[in-house]
Structure formats: structure tokens, C-alpha cells
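Heads up: the structure comes next, in C-alpha cells.
The values are calculated or read from the model by the stated rules, or taken from the named source; none is laboratory data. None of these values were measured; they are calculated from a predicted model. Neighbour counts are summed over all protein chains in view; Cβ atoms, including those assigned to glycine, are modelled from backbone coordinates with ideal geometry. When the accessible area is computed, the model is the full protein with side chains, heavy atoms only, and any ligands, DNA or RNA have been set aside. Shrake-Rupley method; radii C 1.70, N 1.55, O 1.52, S 1.80 Å.
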Amino acid sequence: PLSLCLSICLSLSSSRRDVLELGDADFDYLATEHETMLIKFYAPWCGHCKKLAPEFDRAATRLKGTVQLAKVDCTAHSETCARFGVSGYPTLKIFRNGKDSAPYDGPRTADGIYQYMKKQTGPDSVLLKTEEHLHTFMDHYDASIIGVFSGADSPRLSEFVRAAGLLRDQFRFAHSVELKLGEKYGVNSECVLLFRPPRLANKFEDSVVVFKDYLTIGSLRRFIRDNVYGLCPHMTVENRDRLRVRDLLTAYYDLDFHHNSRGSNYWRNRVMKVTSKYSARGLTFSVANKKDFLSELEEDFGLGTSDGGELPFVTIRTKLGHKYTMREEFTRDGQSLERFLDDYFSGLLKRYVKSEPVPERNSASVKVVVAESFDQVVNDPDKDVLIQFYSNSCPHCKKLELVYKELLLSDKKMVIAKMNAVENDVPSGYDVQGFPTIYFAPVGRKDEPIRYEGARELKDFLKFLKREMSHSLVDGGSKDEL
């Protein structure tokens, strides 16, 4: 049909801009033309989509000729978006030969998208035929996982390749059917060799770890998880979430393995010398490029860009979100780091909490809570508390404020409160990803706050409180009836 022809011509024209524009008429035709494609489903009015757009475009330019990036405007092509279950914006999906292969859950920076999608090209696991191939593959900036098997029909090989398909977005996989390639590493039977990045080689741990247990997707995943990072990995914006599932100490400094590998390893070796004494106590360790985390260091730890000079910043962030900073200058003999760790394990360190000042007067009907006063107000064991987490720039929060102020209760065992979640640390147990987010912290269940998911009208709040409060609601100020 003429409409399809015109649509395809327009899409082909847009390909010169590196990002294909797909629609209801031409989606299937154009998507099947590419082996691997990353498609962004978006809405023009969406703020997150606008923020992603320049990063997505830059990634498309770098990936040109390797992976095709495309986009679908869901306000104009709702049929396609509905077909692929798109319910929020932006949604990113990886397509292979026109079929929805997997959700994209990688970084949303140009470099992050580039690195992530580069790993999506080619086979799940690369076939290595010679020792030279093996050395070429493992001599890489990132870690390498290489399976060595007795033949192409080995059941362990098929399981290995399936695992590679599931984990290829995080790690690099290759395999060989030449058992002799494992002999150099002390193995003469089927196994998996994990090569840590050559740039991170050190005298404190082995560069190669051998897996010889029964191979399943689950057992291989656990082996990689427990060994790939080693004693002190390089934390990046891309892998930080995987590292922060445990209590983590990080030394931030001018780390650059591309241009100054020796200098980058200087401070890392000093961290590792100390960590060997504490590695069995539940704390993990890492190093990171200070420049990649400047805003985080300032916002989450109160460290200015001029603090420390050339010396590393050292922080601890626990899996519960507790934060600590080493205030003493990092000494080259590692003694200051040892003192910091001794104080941490002895419980002598004061947690760093990002907080606005505690209000001198707080007599309004809606109590203002800051991080420093959160325990006192919200975790008061004798009072039920409805707490709103907001941002000053959020229009929905400003609209809610009018309703929230009407929620006047004469009940002295009930507190209506709000906290600026941009200027204050949000305590663990409260998942705040957008604004406004509202929780109810009832008496006797302060460690199990209830997220409010209802409508934001006065009658809806009152109905919720009547149902969830630890005692009968005394409503003396609201205008609406229950």
C-alpha cells in the first residue's frame, strides 16, 4: 500500500540520523531487517524520555553499523506499543531479527548503552580453537569466562551456552572443545576458567579461578558472582548496583586504567594490603574513579570536590543504606584506613546522614520531618504517622499539598507529616522512586511501613486511615464524612 511505502521511505530517510523512527505500518518490516536492535518506546511529553534522548542519540552514532537503535512514539503509534506491553515511558527493549528478545535493563548514559549493546552482538559464547585465540580473548579490559569441554556434543557445553545467553549483558563468554587448553591452568577435565581483568592483576589473589563443580545455570551464576570481582574490584556507574548488594567500602581517587594503569593500581594495592585483614568480616571493598561519582560524593556523603586533594576519599555504604566517611587523611602506610575499619567494626563511627536543619518551630498541622528528626517523629512508638515524601519541583506534590492540609485530625495519637526527599536521606524500608510517595507507619509496626496506593482525595485518605490505624480514628477537623 502507498501508506506503507511512504512510511518505509520516511523511516529509511530517518536512518541517516542513526536512530530509526518506527510506526504501526512499518515496524515488522524494518525490525526484521536487523539482527540486533534496541528500540525505545516513548512519549514526547515524558520528562524521563527527554532526558534520555540525547544519550540515546549519541549511543546510536557510536553503535552505527553494529547495532541499530530505533524509537517508537507511543502517542502516535499506540497499536505497536500495546502489542509489546508498553505501559510506561521510556521502555527499552532488545529485538533480535524482529522478535522481542529481552527487556533492556542496562545503564541509560550514552557510554553505558554503547557498552551494554556491544555485548549483545555476535554469539552468546565465542568458539576458541587455539591457545592463541584463548589469550587474545582473555587479554581484555573486562573479565572473561571461558568453558573448556571434551567435544561439541558435551551436555555441559550446552548448559554453558544457555547460561551465556542469560548473562551476556554482564560478562564475556567463550568456549573451546580442546581439553588441552586447560592444562596450563592445572586442569585436564571439563571446567570453566574465570580470568579476572589483566589490568587488575595483583599479588594478593589469583588471576584465574577454576570451576569444576556440576555445571548448571544456577551454579555457574553463583560461581561468577562470588569470584569475578575479586578482593577489590573497580566500581563503575555500570556495575555499582551489583556491588552494593553487600556492605561496601570504596576508595575514590583519580583512577584511570586506560591511561595510567600503574598509578591507578598504586592506591588499590594499598587498599588490598589492608583489606586482607578484614575480608572475612562481611565487608567488601572496591576502588572507583572520583570523577565518575562527584555528584554522588557531594550529595550522599557531603564531600566537596576540593576535599582530599590527590588522596582517596574513603566511604562505607551498607546494604541497608547506612553511610560512613573516613575523615582522617589516607596515609600511604594504610594505618589511617586500618583505624577507620577498626572503629567501624567496633561501632564507634557516627553515620553520615544528609539532613536539613531540624525546624526550630514545628507547630503547623502538617509536621515537617527531616532526616535528623525522622526517628523522633515518624518512629514515635506511641503514634501512627502518615508521611509524605516530596520534592519542591514536583507539581503533583504541590497539588496534593492542598488536600494534605485539609487532613486535620484532632486525634493526638495520629501525626500527618512530610519530608523533602531530595534534601534529606530517606531511611531504609521506604522505597521512594518518584514524588509524591506516601507511607503510613503504624504503632507496633514501625519496621513495616505501609505504602499508600489509593486516590489522593480527602475522603480516600480518611478511608485508608480508618482501615489501617492502630486505634479508632478521631476526626475532628476534616470537612468530609467517612
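Taking the range 327-346 as the search range and keeping residues that are among the small types (Gly, Ala, Ser) and within 13 Å of residue 251 (Cβ to Cβ), which one is modelled with the lowest pLDDT?
In this case the residue turns out to be 334.
Can you say whether residue 212 is touching a residue at least 40 places away in the same chain (Cβ under 8 Å), under 29 Å from residue 127 (Cα atoms) and among the basic types (Lys, Arg), as far as the supplied structure shows?
In short, no.
Assuming residue 414 fulfils every condition listed in (1) in contact with an Asp or Glu (Cβ under 7 Å, 6 or more places away or on another chain); (2) closer than 27 Å to residue 320 by Cα apart from one, which condition is it?
With (1) in contact with an Asp or Glu (Cβ under 7 Å, 6 or more places away or on another chain); (2) closer than 27 Å to residue 320 by Cα applied to residue 414, the lone miss is (2).
Name, by its number, the condition in (1) open to solvent by less than 60 Å² (accessible area, probe 1.4 Å); (2) farther than 17 Å from residue 211 by Cβ; (3) in contact (Cβ under 8 Å) with a residue 24 or more places away in the chain that does not hold for residue 171.
That leaves (2) as the condition not met.
Got a sec? Which strands (runs of 3 or more DSSP E) wholly within the range 43-138 have at least 2 residues that are in contact (Cβ under 8 Å) with a residue 24 or more places away in the chain and of a type in the set (A, V, I, L, M)?
68-73, 91-96
Just wondering, is there one or more residues in the range 36-49 that are among the charged types (D, E, K, R) and open to solvent by 50 Å² or more (accessible area, probe 1.4 Å)?
no
Kindly provide the set of residues from the range 422-433 that are surrounded by fewer than 18 Cβ atoms within 10 Å (Cβ to Cβ) and of a type in the set (D, E, K, R), ordered by number.
Result: 423, 431.
Looking at the range 364-382, can you tell me whether even one residue there is open to solvent by less than 70 Å² (accessible area, probe 1.4 Å), part of a loop (DSSP other than H, G, I, E, B), touching a Ser or Thr at 6+ places or on another chain (Cβ under 8 Å) and within 19 Å of residue 299 (Cα to Cα)?
There is at least one residue in the range 364-382 that is open to solvent by less than 70 Å² (accessible area, probe 1.4 Å), part of a loop (DSSP other than H, G, I, E, B), touching a Ser or Thr at 6+ places or on another chain (Cβ under 8 Å) and within 19 Å of residue 299 (Cα to Cα).
Evaluate the range 320-338: report whether one residue or more is at positive phi and small (Gly, Ala, Ser).
Yes, the range 320-338 contains at least one residue that is at positive phi and small (Gly, Ala, Ser).
Specify the residue that is least open to solvent (accessible area, probe 1.4 Å); the eligible residues are those in the range 1-34 that are among the β-branched types (Val, Ile, Thr) and at pLDDT 50 or above.
19
Among what's in the range 257-279 and is crowded, with 16+ Cβ neighbours inside 10 Å, among the aromatic types (Phe, Trp, Tyr) and farther than 18 Å from residue 343 by Cα, pick the residue that is nearest to the chain's Cα centre (by Cα).
Per the criteria, the residue is 257.
Being closer than 30 Å to residue 407 by Cα and either touching a residue at least 12 places away in the same chain (Cβ under 8 Å) or not in a helix (DSSP H, G or I) (or both) is true for just one of 356, 329, 310. Which residue is that?
356
Could you check the range 338-353 and list, in sequence order, the residues that are surrounded by fewer than 17 Cβ atoms within 10 Å (Cβ to Cβ), in a loop (DSSP other than H, G, I, E, B) and hydrophobic (A, V, I, L, M, F, W, C)?
The answer is 348, 353.
On the basis of being surrounded by fewer than 16 Cβ atoms within 10 Å (Cβ to Cβ), in the same structural domain as residue 68 (by the TED database) and not in a helix (DSSP H, G or I), does residue 153 make the cut?
No; evaluated as a whole, the condition is false for this residue.
Residue check: is residue 146 within 30 Å of residue 201 (Cβ to Cβ) and either without any contact (Cβ under 8 Å) to a residue 12 or more places away in the chain or in contact with a His (Cβ under 8 Å, 6 or more places away or on another chain) (or both)?
In short, yes.
When you check residue 166 against the structure, is it closer than 22 Å to residue 242 by Cβ, out of contact with any Phe, Trp or Tyr (no Cβ under 8 Å at 6 or more places or on another chain) and of a type in the set (A, V, I, L, M), yes or no?
So residue 166 passes the test.
Residues are listed down the side, and each one gets a yes or a no for (1) crowded, with 18+ Cβ neighbours inside 10 Å; (2) in the same structural domain as residue 298 (by the TED database); (3) under 20 Å from residue 376 (Cβ atoms); (4) β-branched (Val, Ile, Thr):
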{"site": "390", "(1), (2), (3), (4)": "yes, no, yes, no"}
{"site": "396", "(1), (2), (3), (4)": "no, no, no, no"}
{"site": "406", "(1), (2), (3), (4)": "no, no, no, no"}
{"site": "414", "(1), (2), (3), (4)": "yes, no, yes, no"}
{"site": "418", "(1), (2), (3), (4)": "yes, no, yes, no"}
{"site": "435", "(1), (2), (3), (4)": "yes, no, no, no"}
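With the structure loaded, tell me whether residue 95 is of a type in the set (Phe, Trp, Tyr) and open to solvent by less than 10 Å² (accessible area, probe 1.4 Å) or whether it fails that test.
It is true that residue 95 is of a type in the set (Phe, Trp, Tyr) and open to solvent by less than 10 Å² (accessible area, probe 1.4 Å).
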